[in-house]
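What follows is a single structure, written as structure tokens, with notes after it.
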Amino acid sequence: MRKLLLLWTFCAFFAQHELFSQGKVNVDSLIKVAENYPKEDTIQVKRWLEIGKLLYSNKRQMSLDAAEKALFISQKTSNSFYIAESYFAKGKSSAGLGLFQEAIEAFKQALNIYEKMPNVPKAGECLINIGISYSRLRNEMAAIEYFNRGKILFEKAGLIAKIGVCLSGIATAYLNSGKAQESISYLQEALKIATQQDNKDGKARVFANLGMAYMNLSDYPKSLDYYQKALPFFEESNQKITLSSLYNNIGILYGELGDNQSALTYLMKSLTIAKESNNRHNIAELLFNISSKYEQLKDVKQNLHYKQQGLEIAEALNDTSLLGAFLAGMGETYITLEDYITAFSYVNKSIKILGQKEENTTKVTNLIILGKIYLLAPDSILQILGINPKDRFDKSEMSYLQAIKYAELVNSQYKLLLIWQSLSELYEKKSDYVNAYQAFKHYITLKDSISGDDVKKQITRKEIQYEFDKKETELKYQQQLTTEQLEKQKLLTFQREQALTLNKQTLTLKEQDLMLSNKEKDLAHLAYLKEQAEKQEKVQELSLSQEREKGNKLDLSVKNLQLSAQQKQNLYLTSFAALQQKQKFYLIGFAALLLIGLTTLLYFYTALKKQKNIIAQQNELNEHTITILSHDIKSPLIGVKLMLKKLNKDDPFVAQAS
């Protein structure tokens with residue numbers, strides 16, 4: 001998969017080229033003299049500083065050791081100027097080894113001393129190099145702050161050329177943060193200054209940075225134009241460090257044009273130079289880009305080999321951006337191997353390391369990988385990862401849509417291309433052919449805008465213009481050469497032209513074949529999706545029509561039911577009213593009967609009470625009468641009884657009579 005994240009800028013080499021030119025003195029003999037020198041004084045410091053400069057181009061670690069020795073001795077002598085020079089040399093060598101944080105600390109120490117002197121050129125150089133180091137660490141705000149401080153300092157001193165360097169530095173900071181559009185205006189200002197100053201080196205570096213800016217913006221004709229303007233200067237001057245960066249970017253550009261073998265050739269050239277200088281940061285970036293080319297060539301073994309090497313270096317450097325990119329890259333590779341658990345693990349690590357950093361292409365890559373895992377992983381794997389298989393389509397769609405948002409923010413056309421293609425596949429798997437067709441149309445439109453026929457024509461025009469400019473430059477240059485040098489130069493130029501022509505022809509044929517086959521496939525697939533989408537729309541319309549009919553029938557049925565229910569309800573209410581009327585009548589009747597009964601009962605009760613009183617009065621009268629009578633009768637009867645007892649008569653008749 002193509003990578004636009006790890007492209008190199010060229011501003012960093014302005015100061016390095018000026019301050020650390022390679023000498024012809026025998027370095028070994030200088031080291032012996034310095035080691036055998038009996039005193040620790042400024043002469044000894046100067047020797048070690050000179051040794052460091054001579055070693056810088058190809059032995060960075062030894063250059064750093066020399067700077068540290070110079071710093072140790074200068075601190076003993078308490079010479080402020082040489083202490084600052086030693087710190088500056090240490091910063092340069094540390095930056096050359098990719099130790100940018102250590103470089104920043106050393107440059108800041110030197111800056112504090114230079115500002116007290118004051119030494120404007122040296123203080124300005126410190127500010128530039130601090131900005132460069134922050135830029136390489138992708139700390140955009142800090143880098144711009146120091147470049148702006150340098151720009152203000154040089155403006156006050158009237159050092160126009162250095163102002164151009166600071167402008168290029170600000171552009172570099174934006175480029176390293178993925179903000180190519182913001183960098184262009186600063187680069188154009190820097191180009192004007194370099195042109196006015198007739199600074200060929202400065203112009204070449206601005207051309208290279210403009211090439212990278214337009215490459216990030218996917219404007220490949222302009223990118224190729226600027227790279228071609230920059231390349232001859234660096235090849236003629238044999239500036240290996242800058243050539244390494246240029247080869248890297250040209251390699252990526254070949255990859256963009258579909259020629260991965262040529263891309264690998266240039267990337268390997270760049271890696272060789274980076275290894276010679278032992279710049280671990282650049283080595284890691286190159287390993288990343290090389291692995292990406294092998295990924296495009298479907299060589300999984302080499303892809304993993306180079307990614308693993310780069311991952312180890314990124315971990316040692318503790319560079320979060322680089323480490324996040326390598327982890328995401330490992331996730332991509334394991335997706336192709338259908339090892340979804342390992343891929344998910346690498347992506348999660350990448351997301352955690354990047355944290356809340358501003359949006360970049362690595363975040364987009366992570367979201368694309370997650371979308372693929374949700375979509376492609378078997379149910380059992382998703383369950384192991386703690387994901388409900390029923391949610392696969394929703395989660396995948398959510399990841400892709402979020403990836404589109406981030407890709408648009410960082411203006412990554414290629415990432416958008418991948419996302420729209422993946423979204424089309426997602427909708428196709430869901431049998432949602434309408435959305436699948438729309439997504440694939442987005443994909444084809446974007447693909448045509450990136451690599452359409454118009455773009456190819458522009459590239460051809462730029463190549464012709466480049467050839468004309470190159471020959472014009474060579475003609476001016478040839479006037480300054482001797483006859484022998486001229487012959488050698490002509491031979492070299494002829495060989496280069498032959499190689500360039502052959503590469504272009506091969507590349508053109510490959511591109512044409514690839515474009516035709518891919519275009520035919522894309523159009524065929526688009527036609528298929530359109531056909532399926534139309535079928536789906538017809539089915540949906542038919543289904544909708546049937547639903548409408550069902551709905552009408554259902555409405556009629558509901559209305560009938562509602563009418564029937566209303567009638568029943570009315571009947572029920574009528575019946576209920578009649579029943580209530582009856583109940584009211586019965587209740588009144590019952591109340592009347594109850595009242596009559598109570599009245600009757602009260603009447604009889606009163607009558608009975610009166611009768612009882614009369615009876616009681618009669619009984620009382622009777623008892624009184626009886627009492628009186630019994631008293632009057634009782635006495636004669638007792639007399640008779642006593643008389644009978646006296647007579648002793650046991651006659652039953654007499655006893656009964658008595």
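Among residues of the range 289-309 being among the hydrophobic types (A, V, I, L, M, F, W, C) and part of a helix (DSSP H, G or I), the one that is surrounded by the most Cβ atoms within 10 Å (Cβ to Cβ) is Ile290. Scan the range 247-276 for residues that are more than 23 Å from Leu417 (Cα to Cα), among the small types (Gly, Ala, Ser) and open to solvent by 10 Å² or more (accessible area, probe 1.4 Å) and the total you get is 1. Among the candidates Glu312, Glu285, the residue that is part of a helix (DSSP H, G or I), among the acidic types (Asp, Glu), over 25 Å from Leu382 (Cβ atoms) and open to solvent by 50 Å² or more (accessible area, probe 1.4 Å) is uniquely Glu312.
Assess whether Ile73 counts as being assigned to a helix (DSSP H, G or I), modelled with pLDDT of 85 or more and farther than 27 Å from Tyr134 by Cα. Yes, satisfied.
Only residues that are open to solvent by less than 50 Å² (accessible area, probe 1.4 Å) and not small (Gly, Ala, Ser) were counted across the range 39-56, and they come to 10.
Listed by first and then second residue, the pairs linking a residue in the range 212-230 that is closer than 17 Å to Leu243 by Cβ to a residue that is surrounded by fewer than 20 Cβ atoms within 10 Å (Cβ to Cβ) and among the hydroxyl-bearing types (Ser, Thr, Tyr), with Cβ atoms under 6 Å apart and 6 or more places separating them unless they lie on different chains, are Gln228/Tyr466.
Evaluated against (1) part of a helix (DSSP H, G or I); (2) under 28 Å from the mean Cα position of the chain (by Cα), Gln188 falls short on exactly one condition, (2).
Among the residues examined, Tyr214 qualifies as modelled with pLDDT under 90 and open to solvent by 20 Å² or more (accessible area, probe 1.4 Å).
Of the residues contained in the range 428-447, one or more are found to be aromatic (Phe, Trp, Tyr), in contact (Cβ under 8 Å) with a residue 12 or more places away in the chain and open to solvent by less than 30 Å² (accessible area, probe 1.4 Å).
Annotation: of all residues in the range 345-386 being among the basic types (Lys, Arg) and either under 14 Å from Gly324 (Cβ atoms) or without any contact (Cβ under 8 Å) to a residue 40 or more places away in the chain (or both), the one that is surrounded by the most Cβ atoms within 10 Å (Cβ to Cβ) is Lys363. Within the range 394-410, the set of residues being among the polar types (S, T, N, Q) and out of contact with any Gly (no Cβ under 8 Å at 6 or more places or on another chain) comprises Gln402 only.
The single condition among (1) touching a Leu at 6+ places or on another chain (Cβ under 8 Å); (2) within 30 Å of Gln101 (Cβ to Cβ); (3) not β-branched (Val, Ile, Thr) that Ala377 does not meet is (2).
Taken over the range 253-262, residues that are more than 13 Å from Ala208 (Cβ to Cβ), in a helix (DSSP H, G or I) and in contact with a helix residue (DSSP H, G or I) (Cβ under 8 Å, 6 or more places away or on another chain) amount to 5. Here the range 112-124 is the region considered, the condition is being part of a helix (DSSP H, G or I) and open to solvent by 10 Å² or more (accessible area, probe 1.4 Å), and the residue that is nearest to Lys162 (Cα to Cα) is Pro121. In the condition set (1) closer than 21 Å to Thr361 by Cβ; (2) open to solvent by less than 30 Å² (accessible area, probe 1.4 Å); (3) not aliphatic (A, V, I, L, M), Pro221 is compliant with all but (1). Mind checking whether some residue in the range 132-153 is within 38 Å of the chain's Cα centre (by Cα), among the acidic types (Asp, Glu) and surrounded by fewer than 19 Cβ atoms within 10 Å (Cβ to Cβ)? Scanning the range 132-153 turns up at least one residue that is within 38 Å of the chain's Cα centre (by Cα), among the acidic types (Asp, Glu) and surrounded by fewer than 19 Cβ atoms within 10 Å (Cβ to Cβ). Looking across Ile184, Ile160, one residue alone is surrounded by fewer than 21 Cβ atoms within 10 Å (Cβ to Cβ), among the aliphatic types (A, V, I, L, M) and over 30 Å from Tyr406 (Cβ atoms). It is Ile160.
Reported count of residues in the range 57-111, each being open to solvent by less than 20 Å² (accessible area, probe 1.4 Å), more than 25 Å from Ala142 (Cβ to Cβ) and touching a Leu at 6+ places or on another chain (Cβ under 7 Å), is 3.
For first residues located in the range 156-174 and farther than 15 Å from Ile130 by Cα, partners that are open to solvent by 10 Å² or more (accessible area, probe 1.4 Å) and in a loop (DSSP other than H, G, I, E, B) and lie 6+ apart or on another chain with Cβ distances below 7 Å form the pairs Ile160/Gln197; Ala161/Gln197; Ala161/Asn199.
The criterion of being open to solvent by 10 Å² or more (accessible area, probe 1.4 Å), at pLDDT below 90, out of contact with any helix residue (DSSP H, G or I) (no Cβ under 6 Å at 6 or more places or on another chain) and not aromatic (Phe, Trp, Tyr) holds for Asn411.
The values are calculated or read from the model by the stated rules, or taken from the named source; none is laboratory data. Just so you know, these numbers come straight off a predicted model, no measurement behind them. Glycine also receives a Cβ, built like all others from the backbone with ideal geometry; neighbour counts cover every protein chain displayed. Surface areas here come from the heavy atoms of the whole protein model, side chains and all, with no ligands, DNA or RNA. Shrake-Rupley method; radii C 1.70, N 1.55, O 1.52, S 1.80 Å.
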